[in-house]
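Engineer: After the structure tokens below, expect a handful of questions from me.
The values are calculated or read from the model by the stated rules, or taken from the named source; none is laboratory data. Note that this is a predicted model, so its numbers are computed, not measured. A quick note on method: Cβ atoms are made from the backbone with ideal geometry, for glycine too, and the neighbour counts reach across all protein chains shown. These area figures cover heavy atoms from the full protein model, side chains too; ligands, DNA and RNA do not enter into them. Shrake-Rupley method; radii C 1.70, N 1.55, O 1.52, S 1.80 Å.
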Amino acid sequence: MRIIVIGAGEVGYHIAARLTHEAHEIVVIERHPEVVRRVEETLRVRVIEADGSSPRALEAAGVRDAAMVIAVADVDEVNIVACAIAHQYGVATKIARVRDIELGEHPILAGGKVLGIDLLINPTQVVADEILRVIKTTGAAEVADFAGGRVQLLGVKVDARAPLVNRRLRDLRSVQASAPFQVVGIARGERLIVPTADTTLAAEDHVYVVSRRDVIPDILVLMGRTAAATRQVFVIGGGRIGLEVARALENDEIAVTVLERNRGRYDELARELARARVVHGDGTDIKLLVDEGIGTADAIATLTDDDPTNLLAGLLGKRHGAKKSVALFKRQDLIPLVGSLGIDAAISPRLLTASVILKYVRGGRVVSVFELPESEAETLEVVVQQDTPALGRSIEALGLPDEALVGAVVRGDQVLAADGDRVLAVGDHVVLLALPRAIPAVERVFGL
């Protein structure tokens, strides 16, 4: 199908790149000449240099025959207008990114239905929700919910003293009887491995595990980590994301300190936050961190607009006592590197926003999509329907490529192990990990 992507910044470029793997016809509209050149040189898509809210540009992109418009330009109003115009042309699905929280929550735009927008994405809220999940799961670097939260994907670095070190996955059956889980991916160095039964876990592996939510604490112990209550959090950077995170922590009655270097923004935060301690200062000031009690913090979240500041502040916080460091990074190429430096969790706004959009692109049978920050792999939750080729076949008989692995099957209120002889039924929610080259095969098997 033809998909028009408006805006080829970090999110738009990433979405266009992913969709080219899936045999869609992609047309990109971008107004900045240097960005246009980058897309033309690196992606096999048609590019139009124009403002995405221009009816003439949309017509040149083939909007009359387009199935979807994804508007992720850097100006909210451009995205809203582009989707409204696409609606008039009869485009079935319109997606708009709106960064301004106030604009997105206004009654005229709430839900997007008045202007025909099917999905209105607020990246601030998406990123804040992810940061909160990671902060509250103290032993994990990544956390994603599936099947209404009954199943979780955890990204965990294996400690050298963990009980599972140097053991093959096939030898873990006795352990899995009491805490059922499936290892679906292993980030080792700069590679992501989709494991087999003969794969051996090594110290410092970054392991992706799918499991029932209630046994997560047991799994963390097996990985050499501990799950503990989060009681005190430091937030460095009080921008939109920092404010949303601090508000949510306040609501959960977690003690939160917010450090903000800009005096005007500090004054705003002091007015907006009811119980948080707001401090005017630099998050890389070691003396300030120590004086404000960083040594007793369960987590430090560095959420400024500057990647180097987030890295440095996170490392300083960890060195001076914070138990966990969560950092925001705009540059995805930094994410595989920062874990070895001491950052526990690296959050990418681009990947999180793109994941929400990709779920919509693939239709109602895909309930959730989570992209792994260390690679281009995805964890998907798909629903088995009556006309799905997978219906009535065992997991082993699906014929999925080696680059795809089923992690769990959710049937009603039951979370079932992904055994090879497990036969899929109508309504089953299947959670699986797939590398990009395996996505087309997954789509065929599950009728996406």
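Engineer: I need the full set of residues from segment 429-448 which are among the basic types (Lys, Arg) and under 12 Å from Thr388 (Cβ atoms), in order please. Step through it out loud before you land on a result.
Structural biologist: Let us first name the residues in segment 429-448 that are among the basic types (Lys, Arg), namely 437, 444.
Listed by number, the list holds a single entry, Arg444.
Engineer: In addition: Examine segment 335-344 for a residue that is charged (D, E, K, R) and surrounded by fewer than 22 Cβ atoms within 10 Å (Cβ to Cβ), and state whether such a residue exists. Give the steps one after another, and end with the answer.
Structural biologist: Here is the first cut: in segment 335-344, the ones charged (D, E, K, R) are 344.
Among the residues that remain, those that are also surrounded by fewer than 22 Cβ atoms within 10 Å (Cβ to Cβ) are: none.
Scanning segment 335-344, I find no residue that is charged (D, E, K, R) and surrounded by fewer than 22 Cβ atoms within 10 Å (Cβ to Cβ), so the answer is no.
Engineer: So which of Ile85, Ile95 ends up being open to solvent by 20 Å² or more (accessible area, probe 1.4 Å) and among the β-branched types (Val, Ile, Thr)? Working first, answer last.
Structural biologist: Values: Ile95 fails: open to solvent by 20 Å² or more (accessible area, probe 1.4 Å).
The unique qualifying residue is Ile85.
Engineer: Please indicate, with yes or no, whether at least one residue in segment 156-175 is in a strand (DSSP E or B) and not charged (D, E, K, R).
Structural biologist: Going residue by residue through segment 156-175, those that are in a strand (DSSP E or B) are 156-157, 168.
Still in the list and also not charged (D, E, K, R): 156.
Checking segment 156-175: at least one residue is in a strand (DSSP E or B) and not charged (D, E, K, R).
Engineer: OK, next. Within segment 347-400, track down each residue that is charged (D, E, K, R), open to solvent by less than 20 Å² (accessible area, probe 1.4 Å) and closer than 24 Å to Asn310 by Cβ.
Structural biologist: Our first condition is that a residue be charged (D, E, K, R); within segment 347-400, this holds for 350, 359, 362, 365, 371, 374, 376, 378, 381, 387, 393, 396.
Among the residues that remain, those that are also open to solvent by less than 20 Å² (accessible area, probe 1.4 Å) are: 362, 371, 378, 381.
Of everything in segment 347-400, just one residue is charged (D, E, K, R), open to solvent by less than 20 Å² (accessible area, probe 1.4 Å) and closer than 24 Å to Asn310 by Cβ, namely Glu371.
Engineer: Also, quick follow-up: Quick check on Ala274: is it on the phi < 0 side of the Ramachandran plot, open to solvent by 10 Å² or more (accessible area, probe 1.4 Å) and touching a Leu at 6+ places or on another chain (Cβ under 6 Å)? Even if it seems obvious, please write down each step before you answer.
Structural biologist: On the way: on the phi < 0 side of the Ramachandran plot: yes; open to solvent by 10 Å² or more (accessible area, probe 1.4 Å): yes; touching a Leu at 6+ places or on another chain (Cβ under 6 Å): no.
No.
Engineer: So, one more: Could you please tell me which pairs satisfy a Cβ distance under 6 Å, a separation of 6+ or placement on different chains, a first residue in segment 215-243 that is surrounded by fewer than 17 Cβ atoms within 10 Å (Cβ to Cβ), and a second residue that is of a type in the set (Ser, Thr, Tyr)?
Structural biologist: Ala227/Thr138; Ala228/Thr138
Engineer: For the structure I just gave you, tell me whether Asp65 is of a type in the set (D, E, K, R), within 22 Å of the chain's Cα centre (by Cα), open to solvent by 30 Å² or more (accessible area, probe 1.4 Å) and at pLDDT below 95.
Structural biologist: Values: of a type in the set (D, E, K, R): yes; within 22 Å of the chain's Cα centre (by Cα): no; open to solvent by 30 Å² or more (accessible area, probe 1.4 Å): yes; at pLDDT below 95: yes.
Spelling it out, it is not the case that Asp65 is of a type in the set (D, E, K, R), within 22 Å of the chain's Cα centre (by Cα), open to solvent by 30 Å² or more (accessible area, probe 1.4 Å) and at pLDDT below 95.
Engineer: I would also like to ask the following. Out of all the residues in segment 410-439, which are assigned to a helix (DSSP H, G or I), open to solvent by less than 40 Å² (accessible area, probe 1.4 Å) and within 13 Å of Leu400 (Cβ to Cβ)? Step through it out loud before you land on a result.
Structural biologist: So the first thing to find is which residues in segment 410-439 are assigned to a helix (DSSP H, G or I), and the list is 436-439.
Applying the additional criterion that residues be open to solvent by less than 40 Å² (accessible area, probe 1.4 Å) yields 436, 438-439.
Of everything in segment 410-439, those that are assigned to a helix (DSSP H, G or I), open to solvent by less than 40 Å² (accessible area, probe 1.4 Å) and within 13 Å of Leu400 (Cβ to Cβ) turn out to be Ala438, Ile439.
Engineer: Just one of the numbered conditions (1) open to solvent by less than 20 Å² (accessible area, probe 1.4 Å); (2) within 20 Å of the chain's Cα centre (by Cα); (3) at pLDDT 90 or above is not true of Leu405; which one?
Structural biologist: Every condition holds for Leu405 apart from (1).
Let's see how each residue does on (1) in a helix (DSSP H, G or I); (2) open to solvent by 30 Å² or more (accessible area, probe 1.4 Å); (3) among the small types (Gly, Ala, Ser):
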| position | (1), (2), (3) |
| --- | --- |
| Leu259 | no, no, no |
| Gly264 | yes, yes, yes |
| Asp267 | yes, yes, no |
| Ala270 | yes, yes, yes |
| Thr284 | no, yes, no |
| Lys287 | yes, yes, no |
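Engineer: Could you say which residue among Glu49, Glu40 is open to solvent by 70 Å² or more (accessible area, probe 1.4 Å), within 22 Å of Ile85 (Cα to Cα) and not polar (S, T, N, Q)?
Structural biologist: Values: Glu40 fails: within 22 Å of Ile85 (Cα to Cα).
Result: Glu49 is the single residue among Glu49, Glu40 that is open to solvent by 70 Å² or more (accessible area, probe 1.4 Å), within 22 Å of Ile85 (Cα to Cα) and not polar (S, T, N, Q).
Engineer: Still on this structure, please answer the following. Since Gly189 meets every condition but one in (1) modelled with pLDDT under 85; (2) surrounded by 15 or more Cβ atoms within 10 Å (Cβ to Cβ), which condition does it not meet?
Structural biologist: (2)
Engineer: Still on this model: Test each condition in (1) more than 20 Å from Val326 (Cα to Cα); (2) without any contact (Cβ under 8 Å) to a residue 40 or more places away in the chain for Ala246 and report the one that comes out false.
Structural biologist: Result: Ala246 passes all but (1).
Engineer: Pick out the one residue from Ala299, Ala246, Ala228, Ala313 that is at pLDDT below 90 and either of a type in the set (Phe, Trp, Tyr) or under 25 Å from the mean Cα position of the chain (by Cα) (or both).
Structural biologist: Numbers: Ala299 fails: at pLDDT below 90; Ala246 fails: at pLDDT below 90; Ala313 fails: at pLDDT below 90.
Step by step, each of Ala299, Ala246, Ala228, Ala313 is checked, and only Ala228 is at pLDDT below 90 and either of a type in the set (Phe, Trp, Tyr) or under 25 Å from the mean Cα position of the chain (by Cα) (or both).
Engineer: Ok, one more. Please find, within segment 138-155, the residue that is nearest to Val369 (Cα to Cα) out of those that are touching a Ser or Thr at 6+ places or on another chain (Cβ under 9 Å) and not in a strand (DSSP E or B). Spell out the reasoning first.
Structural biologist: So in segment 138-155, the residues touching a Ser or Thr at 6+ places or on another chain (Cβ under 9 Å) come out as 138-139, 143-147, 151-154.
Still in the running and not in a strand (DSSP E or B): 138-139, 147.
Numbers: Thr138: 23, Gly139: 22, Ala147: 12 Å.
Among them, the one singled out is Ala147.
Engineer: Now for a separate question. Quick test of your reading of the structure: Leu19 fulfils all but one of (1) farther than 30 Å from Arg444 by Cβ; (2) open to solvent by less than 20 Å² (accessible area, probe 1.4 Å). Name the failing condition by number.
Structural biologist: Failed condition: (1).
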